[in-house]
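This report concerns only the one structure given below.
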Amino acid sequence: MKRRHGHTPKYSLEQIQEFAAAGGTRVKFTRSALEGARILYLNAADIVACVCGLTEHDYEQTLESTRFPGTFQDVYKPRYQGFEIYLKVRLIEDRKTLVISFKKNTSP
């Protein structure tokens, strides 16, 4: 997956991965992300493994949240367990990783 020209993630991928790997209170998942994983027969540990395996080449774009205007989400499109994944993630107060969306990527 090619990075869109001129676009860079809003959040540090290194920090996102560090907090996800730490687990516990350092990583949070929305219900939607957990449900998306469940549909693919995956779980929270798989989401963490996928996040920890992200590379800069998986980055797609940064979007403003429609639910919480003024906050942003980095979109990644990696491959995990044979699936093309659509993953939205952000940092909360530079102390936690929030996985907003984790589902099968259906875009062309």
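The values are calculated or read from the model by the stated rules, or taken from the named source; none is laboratory data. Every value quoted in this text rests on a predicted model; they were computed, and no experiment measured them. Don't worry about glycine lacking a Cβ; one is built from the backbone with ideal geometry, like all the others, and counts go over all protein chains shown.
A few points about this structure:
- When Ile85, Ile16, Ile47 are checked against the criterion of being surrounded by 15 or more Cβ atoms within 10 Å (Cβ to Cβ), β-branched (Val, Ile, Thr), farther than 12 Å from Phe102 by Cβ and touching a residue at least 12 places away in the same chain (Cβ under 8 Å), a single residue qualifies: Ile16.
- Single condition Thr71 does not satisfy, out of (1) under 19 Å from Ser107 (Cβ atoms); (2) over 14 Å from the mean Cα position of the chain (by Cα); (3) of a type in the set (Ser, Thr, Tyr): (1)
- Selection within the stretch 19-44 - basic (Lys, Arg) and either loosely packed, with under 12 Cβ neighbours inside 10 Å or out of contact with any Leu (no Cβ under 8 Å at 6 or more places or on another chain) (or both): Arg26, Arg31, Arg38
- The single residue among Thr8, Thr97 that is at pLDDT below 95 and not hydrophobic (A, V, I, L, M, F, W, C) turns out to be Thr8.
- Residue list for the stretch 67-108, restricted to those being touching a strand residue (DSSP E or B) at 6+ places or on another chain (Cβ under 8 Å), assigned to a loop (DSSP other than H, G, I, E, B) and acidic (Asp, Glu): none
- Only listed residue being within 12 Å of the chain's Cα centre (by Cα), over 20 Å from Thr106 (Cα atoms) and at pLDDT 95 or above, chosen from Leu13, Leu54: Leu13
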